[in-house]
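Novice: Below is the structure I would like to discuss, written out as structure tokens.
The values are calculated or read from the model by the stated rules, or taken from the named source; none is laboratory data. This structure is a prediction, so every number in the text was calculated from the model and none was measured. Glycine gets a Cβ as well: all are built from the backbone with ideal geometry, and neighbour counts include every protein chain shown.
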Amino acid sequence: MSGISTHVLDTSKGTPGIDVRVVLEREGAAGYWEKLNEGRTDADGRVKSLLPAGRGLEMAAYRLTFETEPYFAKAGVSTFFPSVTVVFRVMDAGRHHHVPLLVSPFGFSTYRGT
């Protein structure tokens, strides 16, 4: 089944990023961004499905925004990055797209997961 999922790992603690708000948008005509859905990471740091029910994956650019500041604030930690935005392009709408985020208060990285 095609779709978009994510996983947040807090590399400063080596634990899942729990209760991080994630917003999914798709780039539309003339470069505007259409909000499709949002979710929060679960106890394992995952949002298993971000596409709204009944909405198929399209060949387009998508944007995930991770609200990291509230996550770190709950732990009493200041962060340099109040949010992290990842833009990626879907070139095969028949494949699932998993976009993990590795985050710490002063850095982040991401990659195409499985």
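Novice: Pairs please, first residue from region 49-76 and among the acidic types (D, E), second anywhere and modelled with pLDDT of 95 or more and surrounded by 11 or more Cβ atoms within 10 Å (Cβ to Cβ), Cβ atoms under 6 Å, 6+ apart in sequence or on different chains.
Specialist: E67/R21; E67/S83; E69/T79; E69/P82
Novice: Output the residues belonging to region 103-114 that are crowded, with 16+ Cβ neighbours inside 10 Å and either of a type in the set (S, T, Y) or within 11 Å of the chain's Cα centre (by Cα) (or both).
Specialist: Answer for region 103-114, where residues must be crowded, with 16+ Cβ neighbours inside 10 Å and either of a type in the set (S, T, Y) or within 11 Å of the chain's Cα centre (by Cα) (or both): S104, T110.
Novice: Please state which of the following conditions D42 fails to meet, knowing it meets all the rest: (1) more than 15 Å from the chain's Cα centre (by Cα); (2) over 18 Å from T110 (Cβ atoms).
Specialist: Only one criterion in (1) more than 15 Å from the chain's Cα centre (by Cα); (2) over 18 Å from T110 (Cβ atoms) is unmet by D42, namely (1).
Novice: What residue, among those in region 1-39 that are β-branched (V, I, T) and under 13 Å from the mean Cα position of the chain (by Cα), is nearest to H96 (Cα to Cα)?
Specialist: Result: I4.
Novice: Let me ask you something else. Can you name every residue in region 91-101 that is surrounded by fewer than 16 Cβ atoms within 10 Å (Cβ to Cβ) and touching a residue at least 60 places away in the same chain (Cβ under 8 Å)?
Specialist: A93, G94, R95, H96
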